[in-house]
Amino acid sequence: MPYHTLLDGLEEERRGKGAIGTTRKGIGPVFADKIARLGIRACDLLNKKNFRYRLNQILEIKNAILTKIYNVSPLSLDEIYNQYCYYAERLSPFIRDTEPVILDIISRKQPVILEGAQGTMLDPDFGTYPYVTSSSPMAAGSCTGSGINLKQIDHIIGVFKAYTTRVGGGPMPTELKDKIGEFIRERAHEYGATTGRPRRCGWLDAVAGRYSTQVNGFTGIALTRLDVLDTLDSIKICTGYKLNGNIIKDFPSDIGILDKCQPVYEELPGWQTPISDIRHYKQLPAPARQYIARLEELLLCPVSIISVGANRDQSIAVKKIM
């Protein structure tokens, strides 16, 4: 809704240097309204009388916040109501309960693929709170988002880049604020798809990766962007964190602790040759296979798919996933 995007931007500006780094698309305020029982669902748009009544109640609250806290002009009930009635007319043929659709497909033993967004470190419960997103991007979130029960999920594929990236604030132990970090960003075009902001880049963090494997229950890994590392003479993997003179292997839940952690690296040789045209695992250079094997050991999960380029056909199927 218009007030969601407006409030998202105003709150980020109010935070100043302590901004979360949201996309300012209103996602956080939408989920806040959902939990506060102030949300408007798609089906609510289909009953115009009830929609207007509910919108009027909500807008009284939102306009009070906009005018009294942020000192901006209130939003118009009529303008929003008329605009969203127009949306309702266009969307009405597509608004329906989706659970029966998905469950019918499953009953006919047809495959269903659920794709999550973002990553485990942005989960509001298990991620680097408060530098997180608003809904669960973890495997378990697929059940609450689709109506599929846990017993109906057969395979869980974790998608890892061959290095680590992050957008916005929050601790990132392996971030590289040097020429290598800049090289990875430019070579891989690591800029936010929504905001265009440069992503923070660093070596692969196997501590966070192993934690992600454990809490999601991955049955396989899709390792992407391996070709980005083609020209490097050596490649590092974070195998632990150094904290107060001690080495820890578990990912801390307290970002205050995580922010003090220094990465402990293991260095492997690079392959220094293009791999974008390779389609079979055994054809990969030995150092590339060594890197993948070490990741499997550290992440406690087999690599099932390897991406060696941006095109759909630039993939190597290592193990069958379905």
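The values are calculated or read from the model by the stated rules, or taken from the named source; none is laboratory data. All values reported here derive from a predicted model rather than from experimental measurement. Cβ: placed from backbone, ideal geometry, glycine included. Neighbour counts: every protein chain shown.
Yes/no per residue for (1) part of a loop (DSSP other than H, G, I, E, B); (2) out of contact with any strand residue (DSSP E or B) (no Cβ under 9 Å at 6 or more places or on another chain); (3) at positive phi; (4) free of Cβ contacts under 8 Å to residues at least 12 places away in the same chain:
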residue: V72; (1), (2), (3), (4): yes, yes, no, no
residue: L75; (1), (2), (3), (4): yes, yes, no, no
residue: N82; (1), (2), (3), (4): no, yes, no, yes
residue: E89; (1), (2), (3), (4): no, yes, no, yes
residue: P93; (1), (2), (3), (4): no, yes, no, yes
residue: R96; (1), (2), (3), (4): yes, yes, no, yes
residue: V101; (1), (2), (3), (4): no, yes, no, yes
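Does L55 fit the bill of being in contact (Cβ under 8 Å) with a residue 40 or more places away in the chain, closer than 19 Å to E79 by Cβ and surrounded by 14 or more Cβ atoms within 10 Å (Cβ to Cβ)?
no
Taking T194, is it in contact (Cβ under 8 Å) with a residue 40 or more places away in the chain, loosely packed, with under 14 Cβ neighbours inside 10 Å and within 20 Å of the chain's Cα centre (by Cα)?
Criteria met by T194.
Looking at R187, R199, R108, which one is closer than 27 Å to K25 by Cβ and among the charged types (D, E, K, R)?
After applying the criteria, what remains is R199.
Residues being touching a strand residue (DSSP E or B) at 6+ places or on another chain (Cβ under 8 Å), over 20 Å from S234 (Cβ atoms) and among the hydroxyl-bearing types (S, T, Y): count how many of those fall in the range 261-307.
3
Name the residues in the range 280-292 that are surrounded by 12 or more Cβ atoms within 10 Å (Cβ to Cβ) and not β-branched (V, I, T), would you?
Passing the criteria: Y281, Q283, L284, P285, P287, A288, R289, Q290, Y291.
Which count do you get for residues in the range 133-183 that are outside any helix (DSSP H, G or I) and either touching a residue at least 24 places away in the same chain (Cβ under 8 Å) or in contact with a Ser or Thr (Cβ under 8 Å, 6 or more places away or on another chain) (or both)?
34
Can you confirm whether Q290 is part of a loop (DSSP other than H, G, I, E, B) and assigned by TED's automatic domain parsing to the domain that holds N311?
No, not satisfied.
Which residue, of S212, S276, is part of a loop (DSSP other than H, G, I, E, B) and under 18 Å from K161 (Cβ atoms)?
S276
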